[in-house]
Each structure stands twice: as structure tokens, then as C-alpha cells.
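Structure, as C-alpha cells:
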Amino acid sequence: MVHIRDYKGKNIHMIGIGGSSMSNLAEMLVKEGYSVSGSDNANSHAVERLRKMGILITVGHFAENIPGKDLIIFSAAISEENPERAMAREMNIPQMERSTLLGQLMQNHENVICVSGTHGKTTTSSMIAQAMLDCGKDPTVQIGGRLDALGGGNRLGGKEVFVAEACEFHGSFLEMSPTTAVILNIEEDHLDYYKDIYDICNAFGKFLALLPEDGLAIGWGEDPWIPGLFAKLSCRTLTYGNTDKCDYYPENLTYSDTGCARFDVMFRGENEARVELNVPGTFNVLNALAAYVSVRSTGVAPDQAAAALSAFAGVHRRFELTGIIDGVKMYHDYGHNPTEMKAALDVARMQKPGRLWAVMQPHTYSRVKGLFNDYLTCTAVADFTLVTDIFAAREKDPGDIRTEMLIEGMREKGIDAVHTPTFDDTEKYLRAHWQPGDLVLTMGCGNINLLNEQMQLHGDTK
């Protein structure tokens, strides 16, 4: 079996190196002394950051990048037909999928906390990572976003704690080696890979089965699927939720004017600590509880864990204020399916804007087809909805799903929706129609964040 430890001093090439997880793994490998190169289909902030670390990166995937390489690492989004993977096969160069690399890097750590679920993985794992640091731990961290407390999305620490996102896409989390498995929620997603919700639940069951006998499973006790999966486990389980039917739950819950929660953390009827969050949203109560239980499981005292979570200021691309233009606040959120978009817009509404603009970049044809009806109403809380063309990502256009179909369905549901195909179209429409005091929220995990940058660069209207 190919193992990353056997390739120190050799040439490692990463295909799709600009992806959020791949770029963080590349940084970690360089910090551990590996020789890394890579390729990606476009320039990006991540690519430029890696270049500054001395990593040679080619824009575009070309067979000639492969000769002289000893190991190829690729993400699940890179198909076997990719010219670099094809050349590696022809030259008998070993290949390793991204999740296998992550699973190998977390081996030999005392506590391996893997955070899974359809929504909230990056925020919750970031909460855990920052809390560990604030509580004097020396965690190794691998998350899918960028956290200021880490100076990025990864950290090379000691062997006591490893904190990582565990994504279900293409069954990637089945390559992990958890001692603590966190499941935030289970919903239909990635239906280009899974058949249905039962297939997804089966995968989460296999993920939980990776836990050792002395491991720990932490999960949202009010989820329709998680309690049933936990009932099959022989290791210890802990649940959190909104009511005392769960092991951990909030009491005396209130919200600030900007939607940040304040609550007492209860454990089976006993008050353990007080949390006062600095990140808004009702969903962050559950994220914080999941993080609190995870941090406590490593021996951190209740008051310490609560204070650290109260200091958490958020992660980039999660309801992030990117600037103010013409008196309009512009935010961006990574949410890329209807549930996440609705949650982000609920947070935006808590800010009490003059008018709320939802700007959606639908992500992948398969997701839009599989969750089509949910897309039609997820922006209902907004006053106006703009929808760009679908971001294809790893997929080819099947020809049977278009943004115009979403627009038509939204309008039938009473949504004031407009198709603005490109970023230039979207900027032009916003500047022609917005008013001071409005709030614009761009949403998607493609490149829609670049719209915020583009508009900030152009600045106020003169």
C-alpha cells in the first residue's frame, strides 16, 4: 500500500492543488518537508499563496507535468480521464486520492476529531481548532476554510489532537481514522454520487463504524437519522440539541441585535457554563454545542471551553462582511445548497437591512437537479433574488437544466427573481437598483466570492 511517509525527499504532484482542502494539504506537506508541485485549472488566491511558499504550479492540466514525479495526489473532482492522471497510469506512477492522504496524516495522533455532516463542517471544526488553541492545546488542524487564528486552513501541531473536516462527498470520510466522530446533520446532497438519503445514511453508518471501542460519537440528537445510527454503536455516544431530550442543550437562550446567541450549556440537567457567541445565526447554537462537547472530550474544563467558543469570530467565506459600497453592506457565504442558503439569509435578515438582496450562484448541475424544488423557495426571506449561471465545477453541462428553469419556478412561488448570467451582469443590476441601507448576500462555493472582490475594487459610484 502506498503511504505518504515513504515519499519524503521525493517529488509529489497535486492535481487540483488550488482547491480548499488540497491547498491546505499542500501547505501541510511543505511544512513537513515534502517536495510538492501542482496544477489547477485556474489562477486563484490559493494558487498564489502556494506559489509564495515556493511551490511550482501550472495553470491547466498537461501530461508533460508528470514525468519526474514520484507520487500523484488528486481530489475526487479529478476524473480518471484527466491527462495528468492518464500519463501517471501510463508511467506506472502511484496515485493517491486526497482523502487517503488526509487519513494517513491523522494516524498516530492520540485524539482524532473528525467533523462530518451535510452542513456546518468548516465552522464547527474551526470552532474546535481555535478553542483548542485558546485552551493551551497544540492541535494539528486540517479544515476547508481559512481561519485567522491559524493563519490559514491548516496547522502542524503535536500528536495529542488532530482536528479535521470529514466530507461525505464520494465517500471521502471513509478514509479517515477518527477516535471522535462528530455528525452535525444528515440531508440529501451529492446526489451525483449517492442514490438517495438511505444510501447517504448508510455511508455515515460506515463512517461511525471506523471508531474504536473506546472512541466517541457526538451528534445532533434531534436529527431524523443520527439517533438510529448511534443506537447501533458499541462505543460511547453523546448528543446535543435544542431540548433536554439530548445530553447537552441550551437554556436561557437569547440573541443580540445582530443575531448572536447567548445561552447556558446544560448537561443532563446541570448547568456547566455560559456561552456568548460572536457569530450570528440560530444554527450556530448547534455548531457551538457540537464544538463544546468535542473540546470537553479532550479534558478541557467547562468554563475554559465556553470562554474559547465565546471568543470565536468566524471563518472566511461564512457570512463574511466583504465591504460597504454606496452605503450597501456586502456579505458572502459559502452556502451552496438550499438549506445552507436559507440559513445564511435568515442571518442576513437578523441584521435588519433596509432591503435584502440574495445573489445565488447555483453549484453543479446534479445538485440543482436533485434539489430543484428546494432551490425555488430557499431565498423567500429576501426582497430580491439574483441568480447567475450554474457553476459547473467538475461536471459537464447535461443540457437539461438551466438557470432560466430556476427563475421560472421561483417566480411561480412568488419570488422576485432575475437571471443575471455573469458577474458583470450582476454588478450592473445591483448598482442600478440598490439603495443605501440595503444588504447584499452572495452565496455559493464556486467563485461567486470574486463578485464581491470585483465590486469592492470598482468602489462607490462616482
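The conditions of being surrounded by 20 or more Cβ atoms within 10 Å (Cβ to Cβ), within 27 Å of LEU147 (Cα to Cα) and in contact with an Asp or Glu (Cβ under 6 Å, 6 or more places away or on another chain) are met by VAL265.
Here is a yes/no grid of residues against (1) touching a strand residue (DSSP E or B) at 6+ places or on another chain (Cβ under 6 Å); (2) of a type in the set (D, E, K, R); (3) over 23 Å from ILE78 (Cβ atoms):
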| residue | (1), (2), (3) |
| --- | --- |
| HIS170 | no, no, no |
| PHE173 | yes, no, no |
| GLU187 | no, yes, yes |
| ASP192 | no, yes, no |
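Residues of the range 221-268 that are more than 20 Å from PHE312 (Cα to Cα), over 26 Å from the mean Cα position of the chain (by Cα) and among the hydroxyl-bearing types (Ser, Thr, Tyr): SER234, THR243.
Is it the case that some residue within the range 273-292 is among the polar types (S, T, N, Q), surrounded by fewer than 21 Cβ atoms within 10 Å (Cβ to Cβ), in contact (Cβ under 8 Å) with a residue 40 or more places away in the chain and under 25 Å from TYR331 (Cα atoms)? There is at least one residue in the range 273-292 that is among the polar types (S, T, N, Q), surrounded by fewer than 21 Cβ atoms within 10 Å (Cβ to Cβ), in contact (Cβ under 8 Å) with a residue 40 or more places away in the chain and under 25 Å from TYR331 (Cα atoms).
Taking only the range 409-452 into account, find how many residues are part of a helix (DSSP H, G or I) and touching a residue at least 60 places away in the same chain (Cβ under 8 Å).
The first filter runs over the range 409-452 and keeps only residues part of a helix (DSSP H, G or I), leaving 409-412, 423-433, 449-452.
In the following step, the residues that additionally are touching a residue at least 60 places away in the same chain (Cβ under 8 Å) were identified as 426, 430-431, 449, 451-452.
Adding up the residues that qualify gives 6.
Looking at the range 43-136, what helices (runs of 4 or more DSSP H) fall wholly within it and have at least 1 residues that are in contact with a Gly (Cβ under 9 Å, 6 or more places away or on another chain) and within 30 Å of ALA308 (Cβ to Cβ)? Result: 45-52, 98-105, 121-134. Is at least one residue of the range 317-335 farther than 28 Å from THR179 by Cβ, in contact with a Lys or Arg (Cβ under 7 Å, 6 or more places away or on another chain), at pLDDT below 90 and not in a strand (DSSP E or B)? Within the range 317-335, not a single residue is farther than 28 Å from THR179 by Cβ, in contact with a Lys or Arg (Cβ under 7 Å, 6 or more places away or on another chain), at pLDDT below 90 and not in a strand (DSSP E or B). The C-beta contact set for the range 97-123 (first residue free of Cβ contacts under 8 Å to residues at least 40 places away in the same chain, second residue crowded, with 24+ Cβ neighbours inside 10 Å and assigned to a loop (DSSP other than H, G, I, E, B), distance under 6 angstrom, 6+ apart or interchain) is empty.
Pairs linking a residue in the range 315-340 that is among the aromatic types (Phe, Trp, Tyr) to a residue that is surrounded by fewer than 17 Cβ atoms within 10 Å (Cβ to Cβ) and modelled with pLDDT of 85 or more, with Cβ atoms under 6 Å and 6 or more positions apart or on different chains, are TYR331/LEU321.
The values are calculated or read from the model by the stated rules, or taken from the named source; none is laboratory data. Just so it is clear, the structure is predicted and the values come from calculations on it, not from any experiment. Positions of Cβ are backbone-derived with ideal geometry, glycine not excepted, and every protein chain shown enters the neighbour counts.
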